[in-house]
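For reference, the structure discussed in these notes is given below.
The values are calculated or read from the model by the stated rules, or taken from the named source; none is laboratory data. This is a predicted model, so every value here is computed, not measured. Cβ placement follows ideal geometry from the backbone for every residue including glycine, while neighbour counts extend to all protein chains displayed.
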Amino acid sequence: MTLSRKTNRENIGIIGMELYYPRKCVKQHALEKYDGVSQGKYTVGLGQTTMSFCDDREDIISICLTVLAKLVKNYKIDYTQIGRLEVGTETILDHSKSVKTNLMQLFEESGNTDVEGLDTTNACYGGTQALFNSLAWIESSAYDGRYAVVICADIAVYAAGPARPTGGVAGCAMLVGPGAPIVVHSTARVSHFRHAYDFYKAEMCSEYPTVDGSLSINCYFEAIEVNYSRYVAKQRHLSASAESHRDVSCSGSPLDWIADFYCFHSPFTKLVRKSFARMLHSDFKVDPNCFKFEGVQESADRDKTFLALSEKQFCEKVEPSLLLAKELGNTYTASLYCGLISLIAARGRNLCGKKACMFSYGSGFASSMFPIEFCDPEAQVYRHFEGLAKELEHRLVLSPEVFVDTLKKREEAHGMAPYRPTGSVDDLASGSYYLEAVDEKRRRTYCLKQ
């Protein structure tokens with residue numbers, strides 16, 4: 001890919017995307033049996049199929065090294081062409097040294113040390129803020145014509161209990177610049193931030209978070225409803241400012257016309273399903289006389305009513321983005337962008353001319369909703385994830401016993417120094433970086449599996 005030094009910075013957004021997930025996974029139906037819960041609790045109640053996990057050979061740095069190297073190789077760019085690199089993650093290995101500085105190892109051969117950006121952290125939202133920061137850099141006077149790269153990656157693990165089936169692992173890398181086939185319209189985004197202790201990691205000696213499950217879900221719903229209300233208002237304002245001739249009142253509820261597709265941060269897909277129904281309910285509250293709601297009455301069983309009413313739209317507008325959420329689990333900062341990758345894998349170049357509404361949420365809490373627009377049907381990114389569903393079938397499906405034992409070993413190894421991992425390198429895919437050792441000063445070294 002040739003570097004384009006555009007003085008006219010139009011269509012700023014995502015030029016390319018890359019994905020990495022561990023080969024190891026466990027089936028949710030098998031976990032149901034192992035945990036002694038009712039059949040369907042995880043597969044139907046949570047809407048999950050499979051969960052990715054990794055052993056002590058992989059950590060957040062190795063995952064980010066792998067997905068960055070894949071992006072550079074597959075999009076045929078040079079490390080000298082990257083002027084900004086930012087990592088969104090909540091998987092913290094060091095309270096001072098950023099993951100980004102570890103990734104600078106890959107730049108050494110090129111001699112490029114002029115690379116801005118560091119890590120951005122707030123639960124599952126850090127990747128979105130890293131993207132916003134990179135877009136702002138390209139729009140700024142500091143921009144020098146090079147690409148930005150945004151990496152969103154996490155290892156989501158939970159203590160034994162009801163939250164454990166909502167874990168997952170993945171890393172996503174985005175090549176960002178002008179002239180992009182996936183344009184991010186920054187002027188149309190909205191946000192909702194406030195203080196909450198719904199999910200946090202104040203226990204520094206553990207990988208596991210403290211979670212208030214019901215509060216976390218309520219915060220997510222609040223973020224959906226507030227952002228959606230603001231988003232619709234802004235879309236109406238922008239349409240009016242552009243002197244749009246679209247007759248919105250004849251287009252059904254805003255859920256019909258503000259986007260062709262919707263991508264959500266997905267802790268588990270049943271939450272996404274309920275959230276989409278709540279968005280439709282928000283439309284009903286604003287305009288119950290809309291023809292779409294003919295015969296609909298506000299009732300105590302609101303969720304059931306609007307789940308049924310939104311079913312067709314959900315299948316058309318949301319379901320195509322949920323492949324990786326179901327197959328990998330909750331990948332924290334990578335979750336929303338795994339949704340985008342899933343949508344690309346499902347629709348490819350047919351997305352061109354369409355728009356998607358992106359919803360990002362991170363506990364604590366931080367949230368945003370923003371639009372993207374697809375163009376340039378010949379762009380590589382639309383072909384890059386062909387066959388993704390088939391690739392997922394070739395993972396190593398392991399038993400719940402192996403999964404639980406792997407997490408136990410991660411617990412025991414957490415913070416140990418010196419330490420040499422015991423996981424087998426044979427289980428890794430070629431082209432993956434892995435942790436070789438942690439020395440007595442807690443310095444980590446990595447190797448590449450050829």
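Of the helices (runs of 4 or more DSSP H) lying entirely inside the stretch 38-148, those carrying at least 3 residues that are within 24 Å of Leu328 (Cβ to Cβ) and not hydrophobic (A, V, I, L, M, F, W, C) are 60-74, 126-139. Residues in the stretch 18-29 that are surrounded by fewer than 22 Cβ atoms within 10 Å (Cβ to Cβ) and under 17 Å from Pro162 (Cβ atoms): His29 only. When you look at Leu398, is it within 20 Å of Gln48 (Cβ to Cβ), outside the structural domain of Arg273 (by TED's automatic domain parsing), in contact (Cβ under 8 Å) with a residue 12 or more places away in the chain and touching a Cys at 6+ places or on another chain (Cβ under 8 Å), yes or no? Yes.
Return a yes/no flag: does the stretch 268-276 have any residue that is among the charged types (D, E, K, R) and over 30 Å from Gly40 (Cα atoms). No, the conditions are met nowhere in the stretch 268-276. The set of residues from the stretch 368-384 being in contact with a His (Cβ under 8 Å, 6 or more places away or on another chain) and in a helix (DSSP H, G or I) is empty.
The criterion of at least 2 residues that are in contact with a Lys or Arg (Cβ under 8 Å, 6 or more places away or on another chain) is met by the following helices (runs of 4 or more DSSP H) wholly inside the stretch 258-367: 269-286, 302-309. Put simply, of Glu58, Glu86 the only residue that is in contact with a Phe, Trp or Tyr (Cβ under 7 Å, 6 or more places away or on another chain) and crowded, with 24+ Cβ neighbours inside 10 Å is Glu58. If you go through the stretch 148-163 one residue at a time, how many are closer than 21 Å to Glu411 by Cβ and either free of Cβ contacts under 8 Å to residues at least 60 places away in the same chain or within 18 Å of the chain's Cα centre (by Cα) (or both)? The qualifying residues number 10.
What do you reckon, is Gly387 of a type in the set (Gly, Ala, Ser), in contact (Cβ under 8 Å) with a residue 60 or more places away in the chain and out of contact with any Pro (no Cβ under 7 Å at 6 or more places or on another chain)? So Gly387 fails the test. Per the conditions (1) surrounded by fewer than 14 Cβ atoms within 10 Å (Cβ to Cβ); (2) within 20 Å of Tyr208 (Cα to Cα), the sole criterion not satisfied by Gly362 is (1). In the stretch 30-40, the qualifying residues are those that are hydrophobic (A, V, I, L, M, F, W, C) and within 21 Å of Asp55 (Cα to Cα), and the one that is surrounded by the fewest Cβ atoms within 10 Å (Cβ to Cβ) is Ala30.
A quick yes/no check of all residues on (1) in contact with a helix residue (DSSP H, G or I) (Cβ under 6 Å, 6 or more places away or on another chain); (2) within 27 Å of Asp427 (Cα to Cα); (3) modelled with pLDDT of 95 or more:
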{"site": "Gly40", "(1), (2), (3)": "no, no, yes"}
{"site": "Val44", "(1), (2), (3)": "no, no, yes"}
{"site": "Gly47", "(1), (2), (3)": "yes, no, yes"}
{"site": "Cys64", "(1), (2), (3)": "yes, yes, yes"}
{"site": "Lys73", "(1), (2), (3)": "no, yes, yes"}
{"site": "Gln81", "(1), (2), (3)": "no, no, yes"}
{"site": "Arg84", "(1), (2), (3)": "yes, no, yes"}
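Against the test of being outside the structural domain of Met204 (by TED's automatic domain parsing) and buried (at least 23 other Cβ atoms within 10 Å of the Cβ), the options Ser98, Ser52 yield a single qualifying residue, Ser52. Within the stretch 331-350, the set of residues being without any contact (Cβ under 8 Å) to a residue 40 or more places away in the chain and out of contact with any helix residue (DSSP H, G or I) (no Cβ under 7 Å at 6 or more places or on another chain) comprises Asn350 only. I need the full set of residues from the stretch 174-226 which are within 30 Å of Thr43 (Cβ to Cβ), surrounded by 15 or more Cβ atoms within 10 Å (Cβ to Cβ) and small (Gly, Ala, Ser), in order please. If the condition is that a residue be within 30 Å of Thr43 (Cβ to Cβ), surrounded by 15 or more Cβ atoms within 10 Å (Cβ to Cβ) and small (Gly, Ala, Ser), then Ala196, Ser216, Ala223 are the ones that fit. Restricted to the stretch 48-74, and to residues there that are among the small types (Gly, Ala, Ser) and more than 17 Å from the chain's Cα centre (by Cα), the residue that is nearest to Ala163 (Cα to Cα) is Ser62.
Could you count how many residues in the stretch 415-428 are loosely packed, with under 15 Cβ neighbours inside 10 Å and not in a helix (DSSP H, G or I)? Can you show your working first?
At the first step, the residues of the stretch 415-428 found to be loosely packed, with under 15 Cβ neighbours inside 10 Å are 415-418, 420, 422, 424-426.
Remaining after also requiring not in a helix (DSSP H, G or I): 415-418, 420, 422, 424.
So the count comes out to 7.
Within the stretch 267-305, being under 30 Å from Ser52 (Cα atoms) and out of contact with any helix residue (DSSP H, G or I) (no Cβ under 8 Å at 6 or more places or on another chain) holds for one residue alone: Lys270. A residue that is modelled with pLDDT of 95 or more, crowded, with 24+ Cβ neighbours inside 10 Å and among the acidic types (Asp, Glu) cannot be found anywhere in the stretch 120-143.
Here is the figure for the stretch 430-450: residues that are exposed (fewer than 11 other Cβ atoms within 10 Å of the Cβ) and not in a strand (DSSP E or B) total 4. For the stretch 385-407, check the following and say yes or no: at least one residue is touching a helix residue (DSSP H, G or I) at 6+ places or on another chain (Cβ under 7 Å), farther than 29 Å from Ala159 by Cβ and in a helix (DSSP H, G or I). Among the residues of the stretch 385-407, at least one is touching a helix residue (DSSP H, G or I) at 6+ places or on another chain (Cβ under 7 Å), farther than 29 Å from Ala159 by Cβ and in a helix (DSSP H, G or I), which makes the answer yes.
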